[in-house]
Amino acid sequence: MEEGNKIPKSASSRLCCRCNERKPALKRPKTLEQICRKCFYEVFEEEIHQVIVGNQLFKAGERVAIGASGGKDSTVLAYVMSELNRRHNYGLDLFLLSVDEGITGYRDDSLETVKRNEVQYGLPLKIVSYKELYGWTMDEIVKVIGLKNNCTFCGVFRRQALDRGAAYLKVDKLVTGHNADDIAETVLLNILRGDVARLSRCTSITTGEDGPIPRCKPFKYTYEKEIVMYAYFKKLDYFSTECIYSPNAYRGFAREFIKDLERIRPRAIVDIIKSGENFRISTSTKMPEQGTCERCGYISSQKWCKACVLLEGLNRGLPKLGIGRSRGLENGNGNRKDMEQNGDVRSIESKQCGSLDF
Amino acid sequence: MACNSGNCQSNCSQNEQVAQDDSIPAPTTGSDDGANNQQQQGVCLKCKVSPPISSGGGGSGDEARFCGDCFRTNLFGKFRLAVTSHAMITPSDNVLVAFSGGVASRVALQFVHDMQQRAQRNYEASKDRSLPVFGVGVAFVDESTVCSISNDEVEEAIQEMKSTVLELAPPVKQFHVVPSVSLYSSGSSDEKDRLMKLIGAVDDVTGKDDFLMHLRMWALQKVASENGYTKLVLGLCTSKIACHVIAATVKGQGYSLSADIQYVDARWQVPIVLPLRDCTAQELNILCRIDGLKTLQLVNDHPSGINGLISSFVRLLQEENPSRESTIVRTAGKLTPFHFNRLPEINDSSVPLATLRRQKRYNLKPQESISSESFCPICNSPVINSDLPSCGSLKPFKFREFAASCCPSCQFQILPQDQSSMKEFYSLLPEGLVSRSKHKDNDNLDMLREQVQDCLLSNSDDET
């Protein structure tokens, strides 16, 4: 994606740099060009269209679910996808898919937004909830495990929840609103945490092609600031509060850094993604072997999928199960004795897991 | 995001360290048996005799665990392991130590000297005098023309450095002061102006910072090759490398990152070796303090722009988790190095067999066959082929050809954007930099030839 050059020295030209007709209404966060609203919409939408076409993300006739949280990324994604689908005749059947993690004061409010989106954009909506799938809401989970590892639980559960919702809708693909800032943060996080295997995968625009549902990220090169700008000018309806548990997330470090970086050099965000794509990572680097979970049949590289491991931990009152380095206790089979001997088994009544079938 | 490889919140390696310490029984000398806290133990964990460096629990982990001697031995051990396992310094070498006066280069100089002294003693003690002692020189790059440092400050610093180097004898070491303008070989009077104009042509703050760093490296290479040195030792430590990893990522240099962070970097005319790669800045600081090694800080240690942002970011991460720097370097270490990240096999008979064997063992096996890399003429990083223009499209204008051969990062942050400024920039460059870009192609051909030499029948490269 070739973006503009350095800041033009004389910003005194009073016209939009693209059409040279209208007055500029904003400075593009990505390129710092002065641009009018109409041109901004065009450029924004066109760049996304080029990403979709250039990376061959979709085929005509596909059923595609849009991961919708009610936040700005997914709202703009739903809006732009339906718009481009119409304008360029992608021939796609679009749906909205939402996940209810059970976080009061956050998710219950944002779900209202998604329900409004369903009406506004005319896209059928399906909501899957943690309570239904796993028997636990995030609020309940946090009460048990505290504020340190809750993002791990939520992320793992959400990934599976989306897959199950997608299977219910019988869609061929899932699109999510991950933007350039998100991917850049993930690249940095993987470097900081020593996860080379993830580092090699996290910049792919399409992932999980060999899994149940391929997912793609049309916003891979779209700046978060531009998405906000677009939503603001188009007056799109979205829910703008952060998850109430997020201040403790480690991702916060990377996010702060990237925000500061963007102020100095906007193109650094895309440069990080480019670096991530170009890292020399040997293809013989130990990649996890793909199998299925013994408990629920979901895709997994271990005997049990991560969601089942975490759930087992929750239900047995062992909140640290599945967190941190594997110490051999994770594998569900044959090690139940060890777990019971391990003392500390609180007497939480084993909660009935929700149906884990497709 | 499930994390299998060590959760950030639980300081895994620290916890392991703590577990390790707890298992070592330590005789308490007069202090309470009840208090099992490491920081209250009265003796060094290693020798169990001397008190730790800071026995009040006030210092960092290492200072509370080890006594001065054991700490120094540990640190020197890391240095020596790096040197011997990568055959960084062999008896026939003439080693140039890049010296900035800072902590890391001071320790590098000290350790190289200690090693040289040891070799000298062995030489004098041996009957047949079979193993010669490697030579050591010291080089300081004087950037006073391009940085805002007063001449007096620089003079004073140079005098201090001279005396430091004099004290590190025998064996005697030559001290080279390398002014930035030495890059221009013409010896004409306007070289200072040319240099000032060249630096001034770079607008971007970070770009200027990086450009100065590249020029510093070229100056070191020049003095090394002109004075017959065979290796260049840099004091790059874990902490600096961690910052470089983030910096390269942020500047779009992910492809070339693995080239810069290995123990050996042989893409330069005088190969660069990093014996302090496994030592953190904190350890080096402690050593300078306990051994009273004098250090000075001429160059601004708080750069502006992106580099400054990165060093404060890494510092913040380090405060949150003291092993973060090592993790970053370890991650980057898993990236595939290049074929030039190992020293060419030594064919010198004067090198002891043990060294040769060790070198063979540790030489990184290239994952792929030697590919001919193109190198950016400014920063010397390998350029990915897709970033280079197709050949023949820009031949007519040398400055355009030059600009096109640079890596995308240098093109953005160092080279001027408009044609006329670029032309001027090109004219101001030192001749060495310009002609270098042509030599690399021949080197690659030579390397290929070396591989098939024994099967070549004709001596010439022509098809006759």
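The values are calculated or read from the model by the stated rules, or taken from the named source; none is laboratory data. Owing to the predicted nature of the structure, the values given are computational and were not obtained by experimental measurement. Ideal geometry is used to build each Cβ from the backbone, glycine not excepted, and the neighbour counts take in all protein chains shown. The accessibility values were calculated without ligands, DNA or RNA, using every heavy atom of the protein model including side chains. Shrake-Rupley method; radii C 1.70, N 1.55, O 1.52, S 1.80 Å.
Here's the yes/no breakdown for (1) in contact (Cβ under 8 Å) with a residue 40 or more places away in the chain; (2) crowded, with 19+ Cβ neighbours inside 10 Å; (3) under 29 Å from A:V80 (Cα atoms):
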site	(1), (2), (3)
A:Y223	yes, yes, yes
A:K234	yes, no, yes
A:T241	yes, no, yes
A:P247	no, no, no
A:G252	no, no, yes
A:R265	no, yes, yes
A:I269	yes, yes, yes
A:T283	no, no, no
A:G291	no, no, no
Being open to solvent by 40 Å² or more (accessible area, probe 1.4 Å), outside any helix (DSSP H, G or I) and either among the aliphatic types (A, V, I, L, M) or at pLDDT 95 or above (or both) narrows B:V172, B:V178, B:V202 down to just B:V172
Going through the stretch B:317-336 in order, the residues found to be at the interface with chain A (Cβ under 8 Å from one of its Cβ atoms) and either surrounded by 16 or more Cβ atoms within 10 Å (Cβ to Cβ) or over 26 Å from B:S409 (Cα atoms) (or both) are B:L317, B:E320, B:R324, B:T327, B:I328, B:T331, B:A332, B:K334, B:L335, B:T336
The residue that is farthest from A:L188 (Cα to Cα), considering only those in the stretch A:262-276 that are within 7 Å of chain B (Cβ to nearest Cβ) and among the aliphatic types (A, V, I, L, M), is A:I264
Going through the stretch A:109-149 in order, the residues found to be within 22 Å of A:D163 (Cβ to Cβ), β-branched (V, I, T) and open to solvent by 20 Å² or more (accessible area, probe 1.4 Å) are A:I127, A:T137
Of the residues in the stretch A:293-319 that are within 13 Å of chain B (Cβ to nearest Cβ) and without any contact (Cβ under 8 Å) to a residue 24 or more places away in the chain, the one that is farthest from the chain's Cα centre (by Cα) is A:G313
Among helices (runs of 4 or more DSSP H) completely within the stretch B:311-430, the ones holding 1 or more residues that are of a type outside the set (V, I, T) and modelled with pLDDT of 90 or more are B:324-333, B:398-405, B:408-413, B:419-428
Could you please let me know if B:D193 is among the charged types (D, E, K, R), surrounded by 20 or more Cβ atoms within 10 Å (Cβ to Cβ) and either within 14 Å of chain A (Cβ to nearest Cβ) or assigned to a helix (DSSP H, G or I) (or both)? no
Going through (1) within 14 Å of chain B (Cβ to nearest Cβ); (2) open to solvent by less than 20 Å² (accessible area, probe 1.4 Å) one by one, A:E101 fails only at (1)
Within the stretch A:101-128, the residues that are out of contact with any helix residue (DSSP H, G or I) (no Cβ under 8 Å at 6 or more places or on another chain) and among the hydroxyl-bearing types (S, T, Y) are A:Y106, A:S110
Picked from the stretch B:218-237 (must be open to solvent by less than 10 Å² (accessible area, probe 1.4 Å) and more than 14 Å from B:N380 (Cβ to Cβ)), the residue nearest to the other protein chains (Cβ to nearest Cβ) is B:C237
Practice prompt. Report yes if some residue within the stretch B:146-166 is open to solvent by 20 Å² or more (accessible area, probe 1.4 Å), among the small types (G, A, S) and modelled with pLDDT of 90 or more; otherwise report no.
Written response: yes
Restricted to the stretch B:121-133 and to residues being surrounded by 15 or more Cβ atoms within 10 Å (Cβ to Cβ) and free of Cβ contacts under 8 Å to residues at least 60 places away in the same chain, the residue nearest to the chain's Cα centre (by Cα) is B:V133
Cβ pairs under 6 Å, 6+ apart or interchain, first in the stretch B:246-271 and more than 12 Å from chain A (Cβ to nearest Cβ), second charged (D, E, K, R) and assigned to a loop (DSSP other than H, G, I, E, B), ordered by first then second residue, are B:Y263/B:R277; B:V264/B:R342
Of the residues in the stretch B:285-314, those that are of a type outside the set (S, T, Y), surrounded by fewer than 19 Cβ atoms within 10 Å (Cβ to Cβ) and within 12 Å of chain A (Cβ to nearest Cβ) number 2
Those helices (runs of 4 or more DSSP H) completely within the stretch B:3-109 that have 3 or more residues that are open to solvent by 20 Å² or more (accessible area, probe 1.4 Å), at pLDDT below 50 and under 30 Å from A:G252 (Cβ atoms) are B:12-23
